[in-house]
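**Q** A single structure is presented below for examination.
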Amino acid sequence: AVAANLSIFPSSRMCSGVGVAAATHLYAALPEVEFEGEFVDGVLMAESDLLATPIDVKDGMIYVPNGKGIGVEVDEDQLKKFAKERIEKRV
């Protein structure tokens, strides 16, 4: 996009907070890219999410999570709730 002088349209409509956190790190690392559209709309519209603490969005800005890994912690209870299949290790 930068080489072709094009803007990109990031979207999070189908993402959980985990996907948005990962994408936020990617987009923050891109040099001189022009964005179009509403990146965090999916997270803001969701009734519930997998994160223990929501993505930090204030005044139209998303803040890059800065914890371990991609900066977010998964709420294990929410993960179990949304899981379609549970796989357990056999000892």
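**Q** Under a Cβ-Cβ cut-off of 10 Å, what is the net charge of the residues other than residue 65 that fall near it, where Lys and Arg count +1 and Asp and Glu count -1?
**A** Details: positive: 68; negative: 56, 73.
Value of the local net charge: -1.
**Q** Continuing with this model, one more query. If amide hydrogens are placed 1.01 Å from N in the peptide plane, which non-local residues have theirs closer than 5 Å to the one on residue 56?
**A** Amide H neighbours of residue 56: 63.
**Q** Give me the one-decimal nm value for the distance between modelled label points at residue 3 and residue 77, 7 Å along each residue's Cα-to-Cβ direction.
**A** 4.9
**Q** Here is a follow-up. Taking K and R as +1 and D and E as -1, what net charge do the other residues with C-beta under 14 Å from the C-beta of residue 3 add up to?
**A** Numbers: positive: none; negative: 32, 34.
Once positives and negatives cancel, what remains is -2.
**Q** With a 1.4 Å probe and all protein chains in place, put 53, 24 in order of accessible area, largest first.
**A** Working: 53 95, 24 10 Å².
Ranking 53, 24 by accessible area, largest first, yields 53, 24.
The values are calculated or read from the model by the stated rules, or taken from the named source; none is laboratory data. Quantities reported herein were computed from a predicted structural model and do not represent experimental measurements. Every residue, glycine among them, receives a Cβ derived from its backbone with ideal geometry; neighbour counts consider all protein chains shown. These accessible areas exclude ligands, DNA and RNA; they are computed on the full protein's heavy atoms, side chains included. Shrake-Rupley method; radii C 1.70, N 1.55, O 1.52, S 1.80 Å.
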